[in-house]
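Q: I have a structure here, written as structure tokens, and I will follow up with some questions on it.
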Amino acid sequence: MTDNEACCPKPARPAASESKDGNAVPCYKSARLAESSYLSPYSRTGAPDRAHPNTDPYAPLRTRALATLEAMGFDPNLMVEHGVLWADHQDPYGHVMHSQYMNFLGTTFWRTLESYDEFLTHEECDNMVQAKTVIPALKKYELDIKRQVKYPDTLIAAYRQDGMDPSRSHGTSVLFSLKQQAIVAEVKGFVTYVDVKTARPADIRSLGPNFVALYEGISRRAERAKVLREKWERENPKRKGGPTANI
């Protein structure tokens, strides 16, 4: 048995099923289609409940991955799943390009920004997105590429709030491979809230009561994430001298 077969076993091959009009719907007996089933709309909520060749072998892997990420303190509300494409995402050597890692990771930044509307009004959020008041400007980040990724695979981009200052937001974003059941890339860094009129860092608490609520709410997210992260680290200590990468 190959590593791929062990990670994503071949699904049972269903017989043809019937559509609503009674006509038989052919089911392709393809193991390769199953391995890229994350690209099929039939693996999504809302798809017809019928036999389909693209049975999702990633379902149990996704369950394990999400449980691991949540236990590590990553925010389940901000995660994004990215299915790897053979032509668009890989380099000539058959590995996902390093630049693509950053594109995938960047989606968590936008999801985090969208979550601000829990505290801000629609207008306040729009003014931030459209750079009319204050913007979260990326100030510093460090990318750690831990493993190579190959098609077919699907990656979960996840964000953990590590800290919150009046003018800065600190966090960690990761890419988690469902096939490898491991973090393949990690970015640590922070954004600075910048007043667009002065181009200087701004204390967001000075912008009104809703921004005070934003500061306090993000601070609570960081505190909760810290508790989970520290618990995970106690229960899963790093092996001294063990491998840190698979490159």
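Q: Looking at the structure I just gave you, is residue 202 over 25 Å from residue 36 (Cα atoms) and assigned by TED's automatic domain parsing to the domain that holds residue 80?
A: Working: over 25 Å from residue 36 (Cα atoms): yes; assigned by TED's automatic domain parsing to the domain that holds residue 80: yes.
Taking the combined requirement at face value, the residue satisfies it.
Q: Please go through the range 180-207 and pick out each residue that is part of a loop (DSSP other than H, G, I, E, B), farther than 13 Å from residue 164 by Cα and in contact (Cβ under 8 Å) with a residue 24 or more places away in the chain. Steps first, answer last, please.
A: Initially, the range 180-207 is screened for residues part of a loop (DSSP other than H, G, I, E, B), giving 180-181, 196-199, 202-203.
Keeping just the survivors that are farther than 13 Å from residue 164 by Cα gives 180-181, 196-199, 202.
Those that are part of a loop (DSSP other than H, G, I, E, B), farther than 13 Å from residue 164 by Cα and in contact (Cβ under 8 Å) with a residue 24 or more places away in the chain: 180, 181, 196, 202.
Q: Just to be sure I understand the filter: pairs with C-beta atoms under 6 Å, separated by 6 or more residues or on different chains, first member in the range 225-247 and in a loop (DSSP other than H, G, I, E, B), second member at pLDDT 90 or above. Which pairs pass?
A: So the pair list comes out as 245/146; 247/148.
Q: With the checklist (1) surrounded by fewer than 17 Cβ atoms within 10 Å (Cβ to Cβ); (2) among the charged types (D, E, K, R); (3) closer than 20 Å to residue 105 by Cα in hand, flag the one item residue 200 doesn't pass.
A: The number of the failed condition is (3).
Q: Given 130, 161, 148, which one is more than 19 Å from residue 72 (Cβ to Cβ) and in contact with a strand residue (DSSP E or B) (Cβ under 8 Å, 6 or more places away or on another chain)? First the steps, then the outcome.
A: Numbers: 130 fails: in contact with a strand residue (DSSP E or B) (Cβ under 8 Å, 6 or more places away or on another chain); 161 fails: more than 19 Å from residue 72 (Cβ to Cβ).
Answer to the selection: 148.
Q: Here are some residues: 181, 148, 161. Which one is under 22 Å from the mean Cα position of the chain (by Cα), at positive phi and not hydroxyl-bearing (Ser, Thr, Tyr)? Write out each step before concluding.
A: Details: 148 fails: at positive phi; 161 fails: at positive phi.
After applying the criteria, what remains is 181.
Q: Criterion first (under 30 Å from residue 91 (Cα atoms) and assigned to a strand (DSSP E or B)) does residue 162 satisfy it?
A: Values: under 30 Å from residue 91 (Cα atoms): no; assigned to a strand (DSSP E or B): yes.
In short, no.
Q: Would a scan of the range 101-118 turn up a residue that is more than 20 Å from residue 168 (Cα to Cα), polar (S, T, N, Q) and in a helix (DSSP H, G or I)? Even if it seems obvious, please write down each step before you answer.
A: Residues of the range 101-118 that are more than 20 Å from residue 168 (Cα to Cα), as a first pass: 101-104.
If we keep only those that are polar (S, T, N, Q) too, we end up with 103.
Now narrow it down to the ones that are in a helix (DSSP H, G or I): 103.
Checking the range 101-118: at least one residue is more than 20 Å from residue 168 (Cα to Cα), polar (S, T, N, Q) and in a helix (DSSP H, G or I).
Q: Is there a residue being more than 30 Å from residue 57 (Cα to Cα) and surrounded by fewer than 15 Cβ atoms within 10 Å (Cβ to Cβ) anywhere in the range 169-187?
A: We begin by selecting, within the range 169-187, every residue more than 30 Å from residue 57 (Cα to Cα); these are 169-171.
Cutting the leftovers down to surrounded by fewer than 15 Cβ atoms within 10 Å (Cβ to Cβ) gives us none.
So far as the range 169-187 goes, no, none of its residues is more than 30 Å from residue 57 (Cα to Cα) and surrounded by fewer than 15 Cβ atoms within 10 Å (Cβ to Cβ).
Q: Name the one entry in 84, 149 that is over 29 Å from residue 231 (Cβ atoms), of a type in the set (A, V, I, L, M, F, W, C) and crowded, with 21+ Cβ neighbours inside 10 Å.
A: Values: 149 fails: over 29 Å from residue 231 (Cβ atoms).
From the options 84, 149, the qualifying one is 84.
Q: Moving to a separate point now. Identify, by number, the condition in (1) surrounded by 13 or more Cβ atoms within 10 Å (Cβ to Cβ); (2) within 30 Å of residue 85 (Cβ to Cβ); (3) at pLDDT 95 or above; (4) not acidic (Asp, Glu) that residue 208 doesn't meet.
A: (2)
Q: If we scan the range 104-124, do we find a residue that is farther than 15 Å from residue 193 by Cα and touching a His at 6+ places or on another chain (Cβ under 9 Å)?
A: yes
Q: Please go through (1) buried (at least 17 other Cβ atoms within 10 Å of the Cβ); (2) among the acidic types (Asp, Glu); (3) in contact with a strand residue (DSSP E or B) (Cβ under 8 Å, 6 or more places away or on another chain) for residue 124 and return the number of the only condition it doesn't satisfy.
A: (3)
The values are calculated or read from the model by the stated rules, or taken from the named source; none is laboratory data. Computed from a prediction, not measured in an experiment: that's the story for all the values here. Positions of Cβ are backbone-derived with ideal geometry, glycine not excepted, and every protein chain shown enters the neighbour counts.
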